[in-house]
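This is the structure, below, for whatever I ask next.
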Amino acid sequence: MATGEHGGHGHGAVATIDPDSLPEGAVVTGSGRVSAAEIFTEPDTSGQVPFTTPQLSRLDEALTLASRESGLLFAIFLGDLGPKPETRAAELQASLERAPESVLVAVSPGQRVVEVITGSEAKLRLPDRGAKLAVMSMVASFKESDLLGGLLSGLRMLADQAGPRR
């Protein structure tokens, strides 16, 4: 999942946004900002996204804050990682924009796999030990059927471990 913000303010004009006209994963936040969380996943058999619109907004906010505070690009992949999960996660991370500065959290619930893959620059700021602690925290939440909570706490921990933007 990659994040971005869209929208702007006109002078004196108020635009009404029809939520049905927004792309999948985009929501209008309480402040009126359009928050777009691009789904970075392979479709499951039902074609459903495992999160509600408010949950997607929370994930978007967490990804945006982690990226803004650390200067690294954080992304989430949720889906099957195939027969070689670590290899597939590394391929996905390498395909990200700003791959050297990116951190991918790849989660395959069906396989019970969580991978944190860092680019060459991100690895200098996010030690393996920090990533392992974040994975352990996420797994504990996932075991309690709290996918969203696990991802949110994992992102916070990873951003904290990476430290502030340099």
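The values are calculated or read from the model by the stated rules, or taken from the named source; none is laboratory data. Computed from a prediction, not measured in an experiment: that's the story for all the values here. Ideal geometry is used to build each Cβ from the backbone, glycine not excepted, and the neighbour counts take in all protein chains shown.
Identify all residues within segment 59-77 that are within 9 Å of the chain's Cα centre (by Cα) and among the hydrophobic types (A, V, I, L, M, F, W, C); write none if there are none.
Of everything in segment 59-77, those that are within 9 Å of the chain's Cα centre (by Cα) and among the hydrophobic types (A, V, I, L, M, F, W, C) turn out to be 59, 62, 63, 74, 75, 76, 77.
Name every residue in segment 151-166 that is among the small types (Gly, Ala, Ser), closer than 15 Å to residue 106 by Cα and in contact (Cβ under 8 Å) with a residue 40 or more places away in the chain, in order of residue number.
So in segment 151-166, the residues among the small types (Gly, Ala, Ser) come out as 153-154, 159, 162-163.
Okay, now just the ones that are also closer than 15 Å to residue 106 by Cα, so 153-154.
If the condition is that a residue be among the small types (Gly, Ala, Ser), closer than 15 Å to residue 106 by Cα and in contact (Cβ under 8 Å) with a residue 40 or more places away in the chain, then 154 is the only one that fits.
Okay, next question. Would you pick out the residues in segment 122-149 that are in contact with a helix residue (DSSP H, G or I) (Cβ under 6 Å, 6 or more places away or on another chain) and in contact (Cβ under 8 Å) with a residue 24 or more places away in the chain? Full working, then the answer.
Restricting attention to segment 122-149, the residues satisfying the condition of being in contact with a helix residue (DSSP H, G or I) (Cβ under 6 Å, 6 or more places away or on another chain) are 122, 125-126, 130, 134, 137-138, 141-142, 148-149.
Within segment 122-149, 122, 125, 126, 130, 134, 138, 142, 148 meet the criteria.
If you don't mind, another one. Just to check your reading of the model, which residue among 38, 24 is surrounded by fewer than 13 Cβ atoms within 10 Å (Cβ to Cβ), modelled with pLDDT under 90 and within 16 Å of the chain's Cα centre (by Cα)?
The unique qualifying residue is 24.
Say we look at segment 73-111 and pick out the residues that are in contact (Cβ under 8 Å) with a residue 24 or more places away in the chain and on the phi > 0 side of the Ramachandran plot; which of these is surrounded by the most Cβ atoms within 10 Å (Cβ to Cβ)?
79
When you check residue 128 against the structure, is it in contact with a Ser or Thr (Cβ under 6 Å, 6 or more places away or on another chain) and not polar (S, T, N, Q), yes or no?
It is false that residue 128 is in contact with a Ser or Thr (Cβ under 6 Å, 6 or more places away or on another chain) and not polar (S, T, N, Q).
Tell me, which residue of segment 123-166 that is more than 17 Å from the chain's Cα centre (by Cα) and of a type in the set (Asp, Glu) is modelled with the highest pLDDT?
Top of the filtered list is 144.
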